[in-house]
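Trainee: Submitted below is the structure of interest, expressed as structure tokens.
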Amino acid sequence: MLQINQMFSVQLSLGEQTWESEGSSIKKAQQAVANKALTESTLPKPVQKPPKSNVNNNPGSITPTVELNGLAMKRGEPAIYRPLDPKPFPNYRANYNFRGMYNQRYHCPMPKIFYVQLTVGNNEFFGEGKTRQAARHNAAMKALQALQNEPIPEKSQNGESGKEMDDDKDANKSEISLVFEIALKRNMPVSFEVIKESGPPHMKSFVTRVSVGEFSAEGEGNSKKLSKKRAATTVLQELKKLPPLPVVEKPKLFFKKRPKTIVKAGPEYGQGMNPISRLAQIQQAKKEKEPDYVLLSERGMPRRREFVMQVKIGNEVATGTGPNKKIAKKNAAEAMLLQLGYKASTSLQDQLDK
């Protein structure tokens with residue numbers, strides 16, 4: 001039997017020009033007509049893209065973070081990186097076909113952007129990038145540009161060593177905790193309030209006002225937590241200017257036991273703080289034993305776990321539940337605070353926002 005070789009013909013049109021070619025298969029015919037069009041076409045050919053330049057322009061392939069660490073050591077100011085929450089993007093409605101299946105053709109995932117806060121001494125910088133490391137590099141580059149031409153600060157005298165030790169102790173505490181600690185010692189009321197909220201949903205801006213007795217300050221940030229922290233940092237500068245409290249020396253009692261001085265914290269004390277830290281500070285102010293937390297049970301499916309945590313203070317017992325141990329412990333501390341007569345740590349408006 002005779003076998004007839006089958007030939008395929010393909011036609012290609014670009015603008016007003018048309019080419020035809022044949023091949024033993026459709027693919028070969030397409031390749032032949034494409035080669036013919038490339039050589040004979042009068043249309044301008046695309047310009048070749050230049051090779052990608054090296055992102056790291058530092059000599060010796062030194063990353064900005066490594067270079068900044070060396071500069072920070074010379075200045076005696078450590079470089080501290082703090083990750084910030086990535087800004088959310090608006091939710092786009094997914095497309096579904098007639099069978100209810102997800103149509104991936106029209107799904108465009110939005111890239112996630114990371115943000116980092118960099119602190120070098122009294123200077124603050126912000127960086128962003130597609131990864132956490134890229135955001136750190138971006139912040140380090142900004143810090144290098146700002147600090148390379150600044151003089152290196154002189155070391156403090158030996159007479160200030162005592163003050164430096166106090167500053168080192170305060171460095172381990174958050175600005176908000178320091179505000180509450182100073183206010184408690186001076187018997188001054190403290191309140192935090194979000195007074196302004198602006199910007200689109202993916203770029204919100206908050207302004208928080210803090211009032212400590214007669215002092216007040218405002219802070220702005222892309223989250224309520226950041227604006228609250230900046231407000232506390234500003235008011236701390238004013239509170240540290242206050243004269244030191246007089247030291248009252250009490251006469252020693254040789255035959256009677258010295259009575260315990262119990263600091264009474266009002267029901268509004270510590271509002272806005274983490275319930276676990278708030279409960280611990282209240283017990284510390286009362287000079288009583290710290291709260292005792294015990295995990296009672298762990299139940300549920302692997303992806304829907306529920307933890308039950310118990311907290312005990314003296315004869316008072318309270319429990320809290322949550323999807324992990326941390327949240328269960330936090331809810332148990334909040335339940336104990338309400339049981340002891342203190343107001344809720346988080347206002348109803350903040351709970352609705354969350």
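Trainee: Here is a check on your reading of the model: is residue 252 more than 25 Å from residue 338 (Cα to Cα), surrounded by 10 or more Cβ atoms within 10 Å (Cβ to Cβ), modelled with pLDDT under 90 and not small (Gly, Ala, Ser)?
Mentor: No, not satisfied.
Trainee: Tell me which strands (runs of 3 or more DSSP E) are completely within region 267-345 and hold 3 or more residues being out of contact with any Gly (no Cβ under 9 Å at 6 or more places or on another chain), or say none if there are none.
Mentor: Ranges flagged: 292-299, 316-322.
Trainee: Would you mind finding the one in 50, 88, 64 that is at pLDDT 85 or above and either outside the structural domain of residue 142 (by the TED database) or surrounded by 11 or more Cβ atoms within 10 Å (Cβ to Cβ) (or both)?
Mentor: Going through 50, 88, 64 in turn, just one is at pLDDT 85 or above and either outside the structural domain of residue 142 (by the TED database) or surrounded by 11 or more Cβ atoms within 10 Å (Cβ to Cβ) (or both): 64.
Trainee: Would you pick out the residues in region 303-331 that are surrounded by 16 or more Cβ atoms within 10 Å (Cβ to Cβ), among the hydrophobic types (A, V, I, L, M, F, W, C) and closer than 11 Å to residue 292 by Cα?
Mentor: Once the filter is applied, which keeps residues that are surrounded by 16 or more Cβ atoms within 10 Å (Cβ to Cβ), among the hydrophobic types (A, V, I, L, M, F, W, C) and closer than 11 Å to residue 292 by Cα, region 303-331 yields 309, 311, 313, 318.
Trainee: Still on this model: Quick one: what pairs do we get from region 125-141, first residue within 11 Å of residue 63 (Cα to Cα), second open to solvent by 10 Å² or more (accessible area, probe 1.4 Å) and of a type in the set (D, E, K, R), C-beta under 7 Å, 6+ apart or different chains?
Mentor: 138/128
Trainee: Under 19 Å from the mean Cα position of the chain (by Cα), of a type in the set (Ser, Thr, Tyr), surrounded by 14 or more Cβ atoms within 10 Å (Cβ to Cβ) and not assigned by the TED database to the domain that holds residue 125, is that true of residue 227?
Mentor: It is true that residue 227 is under 19 Å from the mean Cα position of the chain (by Cα), of a type in the set (Ser, Thr, Tyr), surrounded by 14 or more Cβ atoms within 10 Å (Cβ to Cβ) and not assigned by the TED database to the domain that holds residue 125.
Trainee: Tell me, yes or no, whether region 133-153 has at least one residue that is surrounded by 15 or more Cβ atoms within 10 Å (Cβ to Cβ), modelled with pLDDT of 70 or more and more than 14 Å from residue 79 (Cα to Cα).
Mentor: yes
The values are calculated or read from the model by the stated rules, or taken from the named source; none is laboratory data. Keep in mind that what you see is a predicted model, and the values were worked out from it rather than measured. Every residue, glycine among them, receives a Cβ derived from its backbone with ideal geometry; neighbour counts consider all protein chains shown. Calculation scope for accessible area: heavy atoms of the full protein, side chains included, ligands and nucleic acids excluded. Shrake-Rupley method; radii C 1.70, N 1.55, O 1.52, S 1.80 Å.
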